[in-house]
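Only one structure is covered here, and it is reproduced in the block below.
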Amino acid sequence: MIPRLFTARRYVLSILAWVGVWVGVATVSVVVGGKLWTWDSPAQLRNVLALRLEWVATAGVVGAALALAGLAFQALLRNPLADPYVLGVSGGAGLGFILASLFLSSLLAPAFGFLGALVTVGLVYAIAQRRGRLEPYTLLLTGVVANVFYGAAIMLVTALARPAERGDIALWMMGNIGAFGPQWVLIGVMAALVAAVGVLYAFLAKGFNLVAAGEETAGSLGVRVGRLRMTTFVSASLLTGAAVALAGPIGFVGLIVPHGLRIVLGPDHRRLVPASVFLGATFLVLADLAACLWEGASDRSLPVGVLTAMCGGPFFVYLLRTRWRRAAEVQ
Amino acid sequence: MMRPWRRAAVVAAGLAFLGAGLACSESPPAGPSAPGGERPLRILSLTPNITEILFAMGLGDRVVGRSTYCTYPPEALAVPAVGDTIHLSLEKIIRLEPTLAFLVARPEAVRHDATLARLESLGIRVVPLQADRMDEMLNAIRTLGRETREEEAAQALLDRIQGDLDRVRKQVAGLSRPRVLFVCPMSVGSSRVLVAGRGTFVDGLLDVAGAENVYPDEANWPTLSPQQVIALAPDVVIINAVGSNAPPDRVETIRQSWASLTGVPAVANGRVHILTEPYLTIPGPRVGQAAERLAEAIHPQRKEAPSP
């Protein structure tokens, strides 16, 4: 008899375990990254503590959002190399955000970031599909082209911007935790969004599993594929847009985290969805801690997006050499 | 498949609502209240010319933090640097416990308000200053005097600066006013140049030094192509090579690239001057020196008034 791996009790317990892991890592990051034992006065300690808490919270929600978005894109596009950054969605969000904050108001910027993300998903999807089918090569190439285009557009904006703003834009494009001003409201909205989309995906997980086996199969088993796709794309774009608004385009979290989990947990999205949320949060908190320790040691700031991209590049090659073949054969 | 969908939507919407509510009730971490007059003055200066002014006012020992760009006077280097306008290390700022921060007001910059809010949340009184033009700089000195309660030192500095400028004005009084282009070369590999537009600080300096700015429009350091430079036909070109442009080999490269523009009167008459003094574009206590240096290049025949 096959043991029942998937019970409500196990589910709740695993989520509690994940919460425990995240809280543990977050605490270590606050204490170690803030060097909380080295401060002279209570006022200094309080200020540093508040700062570290804010940055750890930022890293947590952004990491969770990106991992979740990556997982959803990979499931729905049936492509192991799909990721908000690789597909150009982060770039679209970045362009929308920068244009809005330069020419409109910085309050509207997150909304335009979302708009940029959504338009990009729609475009990439529309360009890459042929007769209702998505070709994996075409999809990735479309993503590459979208990235190149957005890169050029952002360079154009940078070239036209006032010299004083160029540095800001360039640094922002690298992906930073805590480079901007106090933003607890944005973090709160983002946390609510991550929670809401996480729950949504937990309910959609069966659908993801079926779609991963093939869209026709899923359709014949009663999944409304078109609707599932629409819901997922809009919510994943929302996550990406919000993450970019909070921390700039941070790459490859949506690639590293879900795949790392697939290696350990297998392909069942019912387990991958909650695990991605928490491992994504943990991963980016750790990356931010590494960047923070680097800054403490070398006196130079290291944008966390640079760090994740440098880990993500080799990982992408690894996936290309191992998973890609299988995915292409499935098609 | 209908039910789970609907259920998911309801739960998701509920969670989002709850989270948003929590987020709104959560206020940003409140810093300690603004300092009263009794706390000792600990100044954070995030702009080079303001750091220079503070040291010239004799307040150098009150400056506890500076930006990495604040490298003059040399004593300022002994003050800990906390980063630049793009990346400030907030941990370092907290460590220094400043009570008063001066920075340049750039209301149009993307992160300006955020930086102000962040510093204020740490209990620091933040004073944004406009100090890009001559008159703004003089006003900024007055503001600095008021904020630090050193009005007399501020007035003394203002008097000294006015004296310096008047001395240069006297030297060039009555001489013809050549049409001058003031240029900052861009980084290596670009043939375009930044020039001082009307209304900039350097524009004011050119006036003091007995010259007319050949660039006709109000503009904050516009970028010009070589064709536009030829069209302006300046009598004198002053190139300010500082930073990465200051090494002798770069200066030589710049000299050669200008030598090819023979259609420009300044080039034809050998009146292209490459000056490497870094203070020519800094609206600070050394404006008198800067005006003097410009006058020396523009009016080599002027009679030098004895320095007081």
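The values are calculated or read from the model by the stated rules, or taken from the named source; none is laboratory data. What you are looking at is a predicted structure, and each value in this text was computed from that prediction instead of being measured. Neighbour counts run over all protein chains shown; Cβ positions are idealised from the backbone, glycine included.
Couple of notes before you dig in:
- Given (1) within 14 Å of another protein chain (Cβ to nearest Cβ); (2) surrounded by 20 or more Cβ atoms within 10 Å (Cβ to Cβ); (3) in contact with a Pro (Cβ under 9 Å, 6 or more places away or on another chain), number of the condition B:Met134 does not satisfy: (1)
- The lone exception for A:Ala205 - which of (1) part of a helix (DSSP H, G or I); (2) within 12 Å of chain B (Cβ to nearest Cβ); (3) of a type in the set (A, V, I, L, M); (4) farther than 30 Å from A:Tyr11 by Cβ it fails: (4)
- Count of region A:102-131 residues, restricted to those that are more than 20 Å from A:Ala247 (Cβ to Cβ) and without any contact (Cβ under 8 Å) to a residue 60 or more places away in the chain, is 11.
- Residue within region B:253-267 that is closer than 26 Å to A:Arg162 by Cα and within 14 Å of another protein chain (Cβ to nearest Cβ) present: no
- Selection count, region A:205-238, where residues are without any contact (Cβ under 8 Å) to a residue 60 or more places away in the chain and aliphatic (A, V, I, L, M): 7
- Selected residue (only one of A:Ala196, A:Ala281, A:Ala192, A:Ala205 is small (Gly, Ala, Ser) and in contact with a Leu (Cβ under 6 Å, 6 or more places away or on another chain)): A:Ala196
- Qualifying residue in region A:81-102 (condition: within 13 Å of chain B (Cβ to nearest Cβ) and under 25 Å from B:Glu120 (Cα atoms)): yes
- Region B:81-106 - residue that is at the interface with another protein chain (Cβ under 10 Å from one of its Cβ atoms) and β-branched (Val, Ile, Thr) and, of those, nearest to the chain's Cα centre (by Cα): B:Val104
- Just one of the listed residues (B:Pro216, B:Pro285) is in contact (Cβ under 8 Å) with a residue 24 or more places away in the chain and of a type outside the set (A, V, I, L, M, F, W, C), and it is B:Pro285.
- Wholly within region A:102-197, helices (runs of 4 or more DSSP H) carrying at least 3 residues that are out of contact with any strand residue (DSSP E or B) (no Cβ under 8 Å at 6 or more places or on another chain) and of a type in the set (Ser, Thr, Tyr): A:136-160
- Residue within region B:68-79 that is in contact with an Asp or Glu (Cβ under 9 Å, 6 or more places away or on another chain), within 10 Å of chain A (Cβ to nearest Cβ), in a loop (DSSP other than H, G, I, E, B) and not β-branched (Val, Ile, Thr) present: no
- Scan of region A:211-227 for residues that are more than 8 Å from every other protein chain (Cβ to nearest Cβ) and either surrounded by 20 or more Cβ atoms within 10 Å (Cβ to Cβ) or in contact with a strand residue (DSSP E or B) (Cβ under 6 Å, 6 or more places away or on another chain) (or both), ordered by number: A:Val211, A:Glu215, A:Ala218
- The one condition in (1) touching a helix residue (DSSP H, G or I) at 6+ places or on another chain (Cβ under 9 Å); (2) more than 28 Å from B:Glu91 (Cβ to Cβ) that A:Arg162 fails to fulfil: (1)
- Unique match (being touching a helix residue (DSSP H, G or I) at 6+ places or on another chain (Cβ under 9 Å), more than 10 Å from chain B (Cβ to nearest Cβ), crowded, with 16+ Cβ neighbours inside 10 Å and not polar (S, T, N, Q)) among A:Ala191, A:Ala236: A:Ala236
- Scan of region A:23-54 for residues that are within 13 Å of chain B (Cβ to nearest Cβ) and without any contact (Cβ under 8 Å) to a residue 12 or more places away in the chain, ordered by number: A:Thr38, A:Trp39, A:Asp40, A:Ser41, A:Pro42, A:Ala43, A:Gln44, A:Leu45, A:Arg46, A:Asn47, A:Ala50
- Counting only helices (runs of 4 or more DSSP H) that sit completely within region B:153-265, those holding 3 or more residues that are buried (at least 17 other Cβ atoms within 10 Å of the Cβ) correspond to B:201-208, B:248-259.
- Residue match in region B:36-52 (condition: farther than 30 Å from A:Met190 by Cα, in contact with a Pro (Cβ under 7 Å, 6 or more places away or on another chain), modelled with pLDDT of 80 or more and part of a helix (DSSP H, G or I)): yes
- Once region A:261-309 is narrowed to residues that are assigned to a loop (DSSP other than H, G, I, E, B) and under 12 Å from A:Ile177 (Cβ atoms), the residue that is nearest to the chain's Cα centre (by Cα) is A:Pro303.
- Residue in region A:248-265 that is crowded, with 24+ Cβ neighbours inside 10 Å, at pLDDT below 90 and small (Gly, Ala, Ser) present: yes
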